[in-house]
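The values are calculated or read from the model by the stated rules, or taken from the named source; none is laboratory data. As the structure is a prediction and not an experimental result, all values here were calculated from the model. Heads up, the Cβs are rebuilt from the backbone with ideal geometry, glycines too, and the neighbour counts pull from every protein chain shown.
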Amino acid sequence: MRGFKSRIDIGRLAELREERGWSVKRIAAELGISPGAVSWQCLRHGIEHPGTRLRASTLKAGTVYQRCGYQVRPYTPEEDAVLSEMALARASNSEIARRLGRKPNSIAGRLMTLARREAIAEEAA
């Protein structure tokens, strides 16, 4: 995201989410941005709702479903392994995306999600 300047005040976002426990929808209305933008910035900056804990996915690996009119293909454990291995080898998101047949932005989001899960697991231990 080089060259992109976010208009979102990350400090304010963190205050509303972590200290006040506001929902993504409520924060979006308060800041005048989309709920998706709030979710992405929370993921990107490690901003969690109080009491967030890991939960197991209820989806079977490889199950395709619809979300907001878009087809979603969850990552499989095998894809996560390849993604993690390539990221550790310093492959670019574009290289990983080509290998897995996904978009670079999806790779960026998945890497942040995996890091978030690891941080939550470490805190719980």
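Of the candidates Ala87, Ala119, the single residue that is touching a residue at least 12 places away in the same chain (Cβ under 8 Å) and either of a type in the set (Asp, Glu) or under 17 Å from Gln41 (Cα atoms) (or both) is Ala119. For the stretch 71-125, what are the residues that are acidic (Asp, Glu), farther than 22 Å from His49 by Cβ and under 18 Å from the mean Cα position of the chain (by Cα)? Glu79, Asp80 - these are the residues of the stretch 71-125 that are acidic (Asp, Glu), farther than 22 Å from His49 by Cβ and under 18 Å from the mean Cα position of the chain (by Cα). Tell me which residues, restricted to the stretch 102-116, are surrounded by 15 or more Cβ atoms within 10 Å (Cβ to Cβ) and closer than 25 Å to Ile47 by Cα. If the condition is that a residue be surrounded by 15 or more Cβ atoms within 10 Å (Cβ to Cβ) and closer than 25 Å to Ile47 by Cα, then Ser106, Ile107, Ala108, Gly109, Arg110, Leu111, Met112, Leu114, Arg116 are the ones that fit.
Looking only at residues in the stretch 50-78 that are surrounded by 12 or more Cβ atoms within 10 Å (Cβ to Cβ) and at pLDDT 85 or above, the one that is nearest to Ser23 (Cα to Cα) is Pro74. A single entry from Arg99, Arg26 fulfils the requirement of being surrounded by 11 or more Cβ atoms within 10 Å (Cβ to Cβ), at pLDDT 95 or above and farther than 22 Å from Ala115 by Cβ: Arg26.
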